[in-house]
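Each remark here refers to the structure printed beneath this line.
The values are calculated or read from the model by the stated rules, or taken from the named source; none is laboratory data. Since this is a predicted model, take the numbers as computed values, not measurements. Here the Cβ positions follow ideal geometry from the backbone for every residue, glycine too, while neighbour counts run over all protein chains shown. Surface accessibility is based on the protein's heavy atoms, side chains included, excluding ligands, DNA and RNA. Shrake-Rupley method; radii C 1.70, N 1.55, O 1.52, S 1.80 Å.
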Amino acid sequence: FFTMHGTVMIFLAAMPLINGFANWLIPLQIGAADLALPRINAMSFWLQPVGAMLIFTGIFSGAAADTGWTGYAPYIVSETAHTGTTLWVAGQILLVASSTLTGINFLTTICAMRAPTMGWMQMPLFTWSIFVANAMLYLSLPALIIGTVYLLFDRTIGTHFYDAAAGGDPILWAHLFWYFGHPEVYVIILPAFGIVSEVL
């Protein structure tokens, strides 16, 4: 339950809530008819429930992920971690892909579809907060993508990226995860600050 709670709060509650506000407000604030890439927007949206189903599948099989939401190696790649952990890792990859596509859409929209008279310094604060948050996301997401794919490979095809006994490095996961995890705090809080700034 700790694993599921952390994953759901970050990837299936906070980030989709922010993206929902941004989908609605950014075109209105910058004078665009819609986001720049509506099909990518739809794909990003539908990756969320598919990723959620994968994450939760282990619960229904009685073998849910039990590694904590940070999924620290070497425990997550050990034989004692439940089989639902593999599905949890696969679901995480889909949710990261969804965030990546959403960020592409927001950054493209803000850069290319502002009203002709709206310069960078005329953008509303909420739009700025989404722009900066997604720029930070792109500095940190590659580390999570790489680390999570390594986890999936360790659990499915027998690689040893995080297995110290086979020459891997369990600390590598901690470095990759927290290179993402620390900026993620600001990716979530900056849009909230942007909303408060708009209201004030």
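Of note:
- Candidates in the range 146-189 are the residues that are of a type in the set (D, E, K, R) and touching a residue at least 60 places away in the same chain (Cβ under 8 Å); of these, the one that is farthest from Ala65 (Cα to Cα) is Glu184.
- Some residue of the range 129-136 being out of contact with any Leu (no Cβ under 9 Å at 6 or more places or on another chain) and in contact (Cβ under 8 Å) with a residue 40 or more places away in the chain: no
Every residue, every condition in (1) among the small types (Gly, Ala, Ser); (2) surrounded by 19 or more Cβ atoms within 10 Å (Cβ to Cβ), yes or no:
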residue	(1), (2)
Gln92	no, yes
Thr108	no, no
Met136	no, no
Leu144	no, yes
Thr148	no, yes
Gly181	yes, no
Ala192	yes, no
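- Single residue of the range 150-170 satisfying the filter (aliphatic (A, V, I, L, M) and open to solvent by less than 70 Å² (accessible area, probe 1.4 Å)) that is farthest from Pro191 (Cα to Cα): Ala166
- For the residues Thr83, Thr70, Thr57, the requirement of being open to solvent by 40 Å² or more (accessible area, probe 1.4 Å), of a type in the set (S, T, N, Q) and within 18 Å of His5 (Cβ to Cβ) singles out Thr57.
- Selection status of Ala22, over 27 Å from Phe193 (Cα atoms) and among the aliphatic types (A, V, I, L, M): no
- Thr100 being within 19 Å of the chain's Cα centre (by Cα), of a type in the set (Ser, Thr, Tyr) and either outside any loop (DSSP other than H, G, I, E, B) or under 25 Å from Val199 (Cβ atoms) (or both): yes
- Test: residue in the range 14-36 that is loosely packed, with under 14 Cβ neighbours inside 10 Å, of a type in the set (A, V, I, L, M, F, W, C) and modelled with pLDDT under 90: no
- The set of residues in the range 116-131 that are open to solvent by 30 Å² or more (accessible area, probe 1.4 Å) and of a type in the set (A, V, I, L, M, F, W, C) comprises Met118, Trp120, Met121, Leu125, Trp128, Phe131.
- Just one of the listed residues (Ile55, Ile10, Ile26, Ile59) is among the aliphatic types (A, V, I, L, M) and more than 25 Å from Leu87 (Cβ to Cβ), and it is Ile26.
- Pair list, Cβ under 9 Å, 6 or more apart: the range 85-100 residue within 21 Å of Ala63 (Cα to Cα), other residue part of a helix (DSSP H, G or I) and basic (Lys, Arg): Thr85/Arg155; Thr86/Arg155; Val89/Arg155
- Among the numbered conditions (1) within 23 Å of Gly168 (Cβ to Cβ); (2) over 14 Å from the mean Cα position of the chain (by Cα); (3) open to solvent by 40 Å² or more (accessible area, probe 1.4 Å), the only one that Gly62 does not meet is (1).
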